[in-house]
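One structure is given here, and the rest of the page talks about it.
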Amino acid sequence: MSTSKTFKLDGKTISFNDGDTIMDAALRAGEYIPHLCHNPEFTPHGSCRVCIVDVNGRQVSACTQPAMAGSEVDNASDNIMRQRRELLQMLFVEGNHICPACEKSGACQLQAVAYYTNMLSPHFTHFFPRRTVDASHPDTAIDFDRCILCELCVRASRDVDHKNVFAIDGRGINSHLVVNSPTGKLGDSSFAASDKAAHVCPVGAILPKHTGYDKPIGDRLYDRQPVSIVGDVAAHEQEQEH
Ligand code: SF4
Ligand code: FES
């Protein structure tokens with residue numbers, strides 16, 4: 001495949017292949033574009049919008065927008081970073097993200113991207129939705145408080161595990177993650193801790209049991225280096241298992 005086509009990302013020349021999105025080409029070139037619902041192993045979803053960039057004056061999601069030869073992509077202006085911050089602030093107030101009490105703190109991509117964009121407060125009024133914890137499975141718990149509806153578990157369970165354990169139900173503000181089982185409980189589904197879906201959640205919504213605080217706070221993925229350097233938490237967790 002030819003890599004002769006290029007675009008500019010914040011002034012840097014980035015080569016791309018036919019069919020690449022801006023995100024594909026940027027990540028391959030070692031350039032970070034903030035993202036939450038994107039995982040290069042899955043079909044782009046384009047739902048979190050945190051990867052918003054400006055292409056020749058038009059704002060698009062980098063994970064779904066095909067790279068265009070000769071285009072100028074702004075990934076770092078104050079305006080783009082402000083919009084990302086606002087999207088993150090909305091994610092924080094829509095759920096119950098109590099970082100100091102979360103086992104994923106320090107290895108959470110939502111938290112890490114918020115730091116990256118210099119988000120200092122939630123700004124908006126908290127919704128404090130009433131959500132539950134599903135601890136019915138012997139090896140894995142779901143804390144629905146922390147789900148950001150990225151659908152990575154949905155895609156992983158459907159496309160890799162071929163089980164369709166997860167789905168999103170409802171619309172707009174009422175959208176929520178559901179488990180496909182007779183009782184709606186994870187423990188009554190065909191989910192297994194070895195499933196791909198158990199290892200893709202970017203936040204602390206799908207958590208393994210029996211391993212809480214194995215890695216001390218201060219020694220976690222994003223405690224020492226920013227997300228722009230170390231990348232996705234799911235990729236690291238997968239590496240550690242192999
Ligand atoms: Fe995404 Fe995790 Fe929610 Fe699944 S449980 S939709 S992976 S945030
Ligand atoms: Fe592109 Fe979520 S990472 S929309």
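The values are calculated or read from the model by the stated rules, or taken from the named source; none is laboratory data. Computed from a predicted model, the values in this text were never measured in an experiment. Cβ sites come from the backbone with ideal geometry, for glycine too, and all protein chains shown count toward neighbours.
Condition check ((1) over 17 Å from the mean Cα position of the chain (by Cα); (2) surrounded by fewer than 18 Cβ atoms within 10 Å (Cβ to Cβ); (3) at pLDDT 95 or above) across all residues:
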site: ASP24; (1), (2), (3): no, no, yes
site: LEU27; (1), (2), (3): no, no, yes
site: GLY30; (1), (2), (3): yes, yes, yes
site: PRO34; (1), (2), (3): no, no, yes
site: CYS37; (1), (2), (3): no, no, yes
site: PHE42; (1), (2), (3): no, no, yes
site: ILE52; (1), (2), (3): no, no, yes
site: ASN56; (1), (2), (3): yes, yes, no
Hey, could you check segment 134-158 for residues that are within 10 Å of ligand 1 (Cβ to nearest atom) and in a loop (DSSP other than H, G, I, E, B) and say which is nearest to ASP195 (Cα to Cα)?
GLU151
Here are the criteria: (1) basic (Lys, Arg); (2) more than 16 Å from ligand 1 (Cβ to nearest atom); (3) under 21 Å from ASN39 (Cβ atoms). Tell me which single one LYS196 does not satisfy.
(2)
Given the conditions (1) touching a strand residue (DSSP E or B) at 6+ places or on another chain (Cβ under 7 Å); (2) surrounded by 14 or more Cβ atoms within 10 Å (Cβ to Cβ); (3) among the aliphatic types (A, V, I, L, M); (4) under 25 Å from PRO100 (Cα atoms), which single one is not true for ILE148?
(1)
Restricting attention to segment 113-133, does a residue exist that is surrounded by fewer than 19 Cβ atoms within 10 Å (Cβ to Cβ), within 24 Å of SER194 (Cβ to Cβ) and without any contact (Cβ under 8 Å) to a residue 60 or more places away in the chain?
yes
Do we find a residue being within 22 Å of GLY187 (Cβ to Cβ), touching a strand residue (DSSP E or B) at 6+ places or on another chain (Cβ under 8 Å), in a loop (DSSP other than H, G, I, E, B) and away from ligand 2 (no atom under 16 Å from the Cβ) anywhere in segment 159-168?
yes
With the requirement that a residue be touching a Gly at 6+ places or on another chain (Cβ under 8 Å) and either part of a loop (DSSP other than H, G, I, E, B) or more than 20 Å from ILE33 (Cα to Cα) (or both), what does segment 220-230 give you?
ARG220
Spot the failing condition for TYR115; the list is (1) assigned to a helix (DSSP H, G or I); (2) over 17 Å from VAL233 (Cα atoms); (3) of a type in the set (Ser, Thr, Tyr), and only one is missed.
(2)
Applying the selection to segment 166-191, what residues are touching a Cys at 6+ places or on another chain (Cβ under 9 Å) and either of a type in the set (A, V, I, L, M, F, W, C) or surrounded by fewer than 13 Cβ atoms within 10 Å (Cβ to Cβ) (or both)?
PHE166, LEU177
